[in-house]
Amino acid sequence: KRKIARALGTSLVEYGFVAVSFHGIDHFTIADAHTAMKSFFSLPRTSKRRYERPREEGLRGYTPLGGVDAREQWHAGAEIVTADSRRVAFARNVWPSEVPQLRHACHRLWTAMRATSESLLAIIALYLEIEAELLTCLSTGGDSVLTLTRYPAPASMGSHGTWAVPHEDDSLITLL
């Protein structure tokens with residue numbers, strides 16, 4: 001574990017990111033999410049736009065192509081039950097009736113990525129020589145969001161010069 005922590009921590013310090021193999025997210029979970037995502041993004045634009053939500057309502061549902069960069073996205077987070085105190089603070093997921101498998105695929109991938117992020121945070125804590133809970137508790141109860149993104153073929157980008165404008169993620173940890 002210490003050898004892995006040293007390699008991961010050194011890469012984060014030197015490059016700001018790390019590529020991880022054997023992360024524990026099985027191929028079938030990723031493939032199911034990819035298949036469901038392709039089904040959703042292949043819907044007619046009018047169908048997809050029914051699942052758009054204003055940013056003020058939280059990051060859930062569909063973000064269409066044509067913003068500041070050339071990509072369209074689907075956002076989903078934890079399934080919050082009515083009795084959960086976070087229900088007031090976090091947006092509710094929306095699910096397209098045209099692609100019912102998207103809900104299950106997103107939930108499985110979100111759950112697997114959440115577990116992987118907690119494992120990575122524990123390894124980073126080992127590198128930093130601090131208690132793992134000091135990092136993992138920072139992600140507990142937060143609004144983790146799974147974002148599925150479709151980038152169009154370069155020839156179809158129209159007036160957009162780039163798929164995604166330069167940006168920084170403002171989250172504790174981002175998994176791609």
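The values are calculated or read from the model by the stated rules, or taken from the named source; none is laboratory data. Please read all numbers here as calculations on a predicted model, not as lab measurements. Methodologically, a virtual Cβ is constructed for each residue, glycine included, from the backbone with ideal geometry; neighbour enumeration extends over all protein chains shown. Just the protein is used for accessible areas: all its heavy atoms, side chains included, with ligands, DNA and RNA removed. Shrake-Rupley method; radii C 1.70, N 1.55, O 1.52, S 1.80 Å.
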Report task. Please specify each residue of region 135-158 satisfying the condition of being free of Cβ contacts under 8 Å to residues at least 40 places away in the same chain and among the basic types (Lys, Arg). Result -> none
Requested in this report: Any chance you could count how many residues in region 129-139 are in a loop (DSSP other than H, G, I, E, B) and within 14 Å of residue 119 (Cβ to Cβ)?
Outcome: 1
Query raised in the report: in contact with an Asp or Glu (Cβ under 8 Å, 6 or more places away or on another chain), modelled with pLDDT of 90 or more, part of a helix (DSSP H, G or I) and open to solvent by 40 Å² or more (accessible area, probe 1.4 Å) - does that describe any residue in region 82-102?
Result: yes
Query - Cβ-Cβ under 6 Å pairs, at least 6 apart or on other chains, region 8-35 side under 16 Å from residue 125 (Cβ atoms), far side open to solvent by 60 Å² or more (accessible area, probe 1.4 Å) - result: 9/127
Requested in this report: Just give me the residues in region 115-134 being buried (at least 16 other Cβ atoms within 10 Å of the Cβ), in contact (Cβ under 8 Å) with a residue 24 or more places away in the chain and not β-branched (Val, Ile, Thr), in sequence order.
Outcome: 117, 120, 121, 126, 127
Report task. Could you list all residues from region 36-47 that are over 17 Å from the mean Cα position of the chain (by Cα) and in contact (Cβ under 8 Å) with a residue 40 or more places away in the chain? Result -> 39, 43, 47
Report summary line: Listed by range, helices (runs of 4 or more DSSP H) wholly within region 1-71 having at least 1 residues that are open to solvent by 50 Å² or more (accessible area, probe 1.4 Å) and among the small types (Gly, Ala, Ser) are 2-15
